[in-house]
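Worksheet for the structure shown next.
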Amino acid sequence: MISRLAIPPVRYTPDVETLEADEAETSRKIAETMISICETTYANSGHAIRAVHAKSHGLLAASLEVFDDLPPELAQGLFAVPGRYEAVVRLSTTPGDLLHDSVSTPRGMALKILNVDGPRLPGSARSTSQDFVMVNGKEFNSPSGKAFLQNARLLAATTDRMESAKEVISKVFKTVEGALESVGKESAALKALGGNPETHILGESFFAQLPLRYGDYIAKIGVVPASANLKALTGTTVDTGKDPDVIRHETQEFFTRETAVWHLQVQLCTDLDAMPVEGVDAWDEAKSPFITVATLTVGPQQAWSEELSRQVDDGMLFSPWNGLAAHQPLGSIMRLRKLSYERSAAFRSERNETSVREPLTCPFGHGVPTQMEGQPMRRL
């Protein structure tokens, strides 16, 4: 049994967010910048890919099991009722172009939990899934919406150009980031620009970084290794010097025989001054630790293929705005990203042979039958 929290969490009210007067304009500019990345890569390849997290390394059928002994503060939203759900996991790295793995950027995990019940967020009424989009760091790399726009413009200006130069720059930034981490510090900005250590993606912990509504409360979400085989990979590195797709190949090799288990955790806001909704810094875990509310399990399977890429990379949207109203994304940067997710998915859907659709059950892996929109829902 998980004990009650030592400090009561802050209850969600709409006034925890502060809207800026020009958010709609900034959102439009960010979306236009992101689509320019899509247009550049599409012009060069004839295939539409994501504006960010374009390169996938694992496309996995999974199951999520919600604990049955959660206290009321943690039994919220999707996690209010114990049960097991089918899920899809997409492992990726952050750039919008398909780079050699030696350009070492943050690792990402997008999680789509299928066939969930409850009132939906605006724009996601035709879906029955809950998405969480995470990277391997607790701090968002832009301190404000305007800074996020400037960083997006920098990415757009360098998309699909100077890959050899990016490899050199990445090597320098990895050295600097390594020196920072050796003294207990890190830089989200350096990691985003290619300075992420060449870590094994399956040893990473992943965090949504920005807050969301957690039913009656406010929280941040994380996924951390739970099984011994994942923990053994934490902190290990892969040699990216020769194989441009080594992260993908290591993931494929692992899942030929191994089962992976992660803990899905939440960190509840207990102090709005110390844990502001509009902030981008990591929250103090001494004030509120991450607590496990579910397990995520991925069994042995084919972890990546061209057909899986068609189904998931081309055919699925992963967005924090695709989900339950009980898990509404919070804060200006979350609000500013909403339009970009929508337009990026529409760009891919309009140009590729496989259109973007929402699955009700996982259409691959473990012999699970395909079941798409408009058919009866089913929980495991």
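Measuring from centroid to centroid over Cα atoms, what is the spacing of the stretch 128-162 and the stretch 250-317 in Å?
17
Non-local amide H neighbours of T361 (under 5 Å, H modeled in plane, Pro and chain starts lacking H): which ones?
Residues meeting the criterion, in which the H sits 1.01 Å from N, are Q371.
What residue among K242, K55, K287 shows peak mean-square fluctuation when the chain is described by a Gaussian network model with Cα springs under 10 Å?
In this elastic network of the chain, the residue with the biggest mean-square fluctuation among K242, K55, K287 is K242.
Among E353, E139, E250, determine the one that fluctuates most according to a GNM of the chain built with springs between C-alpha atoms less than 10 Å apart.
For the chain, modelled as a Gaussian network with Cα springs under 10 Å, the answer is E353.
Full-extension gain between H47 and R84, please, as 0.36 nm times their residue separation minus the C-alpha to C-alpha distance.
Going from the current span to full extension adds 9.7 nm.
When the distances between all Cα atoms of the stretch 203-267 are binned every 10 Å from zero, what whole-number percent does each bin get?
Histogramming the stretch 203-267 at 10 Å steps yields 18, 39, 27, 14, 2 percent.
Using amide H atoms built 1.01 Å from N in the peptide plane, name the residues 5+ places from G108, or on other chains, whose amide H lies under 5 Å from its own.
Answer set, sorted by chain and number: S92, T93.
Along the charge dipole of the chain, pointing to its positive end and built from +1/-1 on Cβ of Lys, Arg, Asp and Glu, which listed residue (G46, A147, Q76) has its Cα farthest out?
Towards the positive end, the residue furthest out is G46.
At 0.36 nm per residue, minus the direct Cα-Cα distance, what do R153 and I7 gain on full extension? Give it in nm, one decimal, please.
So the extension gain works out to 48.4 nm.
Could you tell me which of the pairs K146/K338; K146/K220; K29/K242 are separated by over 26 angstrom between their Cα atoms in the structure shown?
The pairs that break the limit, which is 26 Å between Cα atoms, are K29/K242.
Can I get the semi-axes of the chain's equivalent ellipsoid? Compute them from the C-alpha gyration tensor as square roots of 5 times the eigenvalues, in angstrom, largest first.
28, 25, 23
Can you compute 3J(HN,Hα) from phi for each residue in the stretch 73-90, using the Karplus curve 6.51 cos²θ - 1.76 cosθ + 1.60 with θ = phi - 60°, rounded to whole Hz and x for Gly and Pro?
So the J values, rounded to whole Hz, are 5, 9, 8, 9, x, 4, 9, 6, 10, x, x, 10, 10, 6, 8, 10, 10, 10.
From the phi angles alone, apply the Karplus equation (6.51, -1.76, 1.60; θ = phi - 60°) to the stretch 267-282 and give each ³J(HN,Hα) in whole Hz, x where the residue is Gly or Pro.
Working through the residues one at a time gives 10, 7, 6, 10, 7, 5, 5, 7, 10, x, 5, 7, x, 10, 6, 5 Hz.
Restricting to DSSP H runs of at least four residues, report the calculated mean residue ellipticity at 222 nm for the chain, -39500 (n - 2.57) per run over all residues, nearest 500 deg cm²/dmol.
-8500 deg cm²/dmol
Under a GNM of the chain (C-alpha, springs under 10 Å), which listed residue has the highest mean-square fluctuation: A228, A61, A80?
Of A228, A61, A80, the most mobile in the Gaussian network model is A228.
Coordinate-derived values only; no laboratory data. Everything numeric here is computed off the predicted structure, so don't read it as measured data. Backbone-built Cβ (ideal geometry, glycine too); neighbour counts: all protein chains shown.
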